[in-house]
1. Could you tell me how many of the residues in region 342-356 are surrounded by 24 or more Cβ atoms within 10 Å (Cβ to Cβ) and not aromatic (Phe, Trp, Tyr)?
2. What's the number of the condition ALA87 fails, among (1) within 25 Å of TYR381 (Cβ to Cβ); (2) within 24 Å of the chain's Cα centre (by Cα); (3) among the hydrophobic types (A, V, I, L, M, F, W, C)?
3. Go through region 442-476 and give me each residue that's among the small types (Gly, Ala, Ser) and free of Cβ contacts under 8 Å to residues at least 24 places away in the same chain.
4. Of all residues in region 164-176, which are surrounded by fewer than 17 Cβ atoms within 10 Å (Cβ to Cβ) and either within 27 Å of the chain's Cα centre (by Cα) or at pLDDT below 95 (or both)?
5. Any idea which of VAL228, VAL214 is crowded, with 16+ Cβ neighbours inside 10 Å and either touching a residue at least 40 places away in the same chain (Cβ under 8 Å) or over 28 Å from ASP3 (Cα atoms) (or both)?
6. Mind listing whichever residues of region 262-271 are under 17 Å from GLU315 (Cβ atoms) and either without any contact (Cβ under 8 Å) to a residue 60 or more places away in the chain or part of a loop (DSSP other than H, G, I, E, B) (or both)?
7. Taking region 307-332 as the region of interest, how many residues are small (Gly, Ala, Ser) and either in a strand (DSSP E or B) or surrounded by 22 or more Cβ atoms within 10 Å (Cβ to Cβ) (or both)?
8. Here is a list: LEU97, LEU112, LEU48. Which entry is under 29 Å from ASP3 (Cα atoms) and not assigned by TED's automatic domain parsing to the domain that holds THR351?
Amino acid sequence: MRDGNLKSIWEEELSAFKPRQAVLMEGEIYDVLIVGGGITGLTTALLLQQSGRRCVLAEAKSIGFGTSGGTTAHLNTILDTPYYEIASKFSKEDANLVAGATKEAIQLIQDLVKEYNIACDFEYKPGYLFAQNDDEVKELDKIVSSALDAGVDISYTNEIPLAFDFVKACRLERQAQLDIARYLVGLANAFENNGGIILDNCLVKSIDSISNHVADTGRGSITARAVVYATHIPPGINILHLRCAPYRSYAAAVTLSDGKYPDALIYDLKEPYHYFRSQNIAGKTYLVAGGFDHKTGHKDNTEASLLELEAYIREHFSVAAIDYKWSSQYYVPADGLPYVGRLPGHDTIFTATGFNGNGILLGSLSGRIITDIINGRETEYEKLFDPNRIKPIAGFAAFVKENADVVSQFIGKRFSYEEISSLVSLAPGQAILADLDGKKVAIYKDGQGKVFALDPVCPHAKCIVAWNSAEKTWDCPCHGGRYAIDGSLLTGPATKGLQPVDLTSTQ
């Protein structure tokens, strides 16, 4: 299971993990409660448990249910935010620090794979970035120059391992990839073997903080001295929701008739860019490709994005079969760098968010940073990635743009519903935002003709949800909350689902 209707390439392997049926002991106080069972939560939990902390991890659904189960698992030393932009918004020294952090994160993953003998096909691969027109060449040159200045092992090349026309290209050394499902399962097993407790189907509804933190969950009360929100973005209402904008990306895993699978990680310079690599699962090789990103809840027909991706792949590769198609969510930080550390306004509640499209890498790094902070060890990354940082210039334009859009979503959509006279006009599989007898309703009719009607107001910040036709979910265009057709919560920052609407009188 994952947070959408479409099946990712990792889903079957993730379903193999079954947590030990731990029982919460009344009155027990844990050192740390980790909320969320993706890459950030599992890495943080394992590192803290290794360090001697007594930890419990609460996952609302199952391990890898959220974005970690929808990743394409590229591990690269160039991020979605290029080094020249980091140097401009922060400093050249900070750009060098970020470059070092990417190498450290890859090394951390490799070390955990080796220490716990995790069979997840971790491999170093070369990476390629290529330009197809003059404007892209200018961007490529800026990326290469600033990456070299930051200490990245990058150089120009005359070849790329794809049959694409290009004007100029570069090659990066010691990039990496892995089977993320088997890696997550390996981390979970290692955490439990070290004495950690994993509680699945354990939604944290709220946390009361006095001397300790007491979490109200679906499986009882949990008391801890510290809390880590490893939930992609923290729940509740806080400043980080204004500093991070939710986006969706689309991916496919396909088999090729000519067997020409690239043995590298490859990216173009389109906006949004396309990305490619290969993955072997159970003896079968796939091309994994993705792209066609857009802001969450801002595209009326998300199925069209998948069709565009499929057409793009078929144009450039000899496709035997499209085996998997899916989408996933990520958060773009206003100033280009993630927010990792203490949640604003709190001393013993921690968070990690704003990973852009580099979630596996930065989620792993976040585990190291948060572990160091909790254990009182100095880390050179704490100040740079501090969620409380204030950069009046860095990211200000992005901050204004994204939040002006949030305001328009919050205000504008409330008064622009299409009016319908009856539910008969909905075809099976269709959804609509409607005005029924003056009441705003989100309506979906499934393949058997059953109608699901919901209050479309997101309980997080009262924005109006939008229909995601590809994943068959209701997505919040403001802060990225996502809901199933019956209104149940799939991913936060909300902590409860959409309310059902009684349509008995209408029906």
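1. Looking only at that region, the number is 4.
2. For ALA87, the failing item is (2).
3. GLY447, GLY449
4. GLU173, ARG174
5. From the options VAL228, VAL214, the qualifying one is VAL228.
6. PRO262, LYS270
7. Adding up the residues that qualify gives 4.
8. LEU112
The values are calculated or read from the model by the stated rules, or taken from the named source; none is laboratory data. None of these values were measured; they are calculated from a predicted model. All Cβ positions, even for glycine, are placed from backbone atoms using ideal geometry, and neighbour counts span all protein chains on display.
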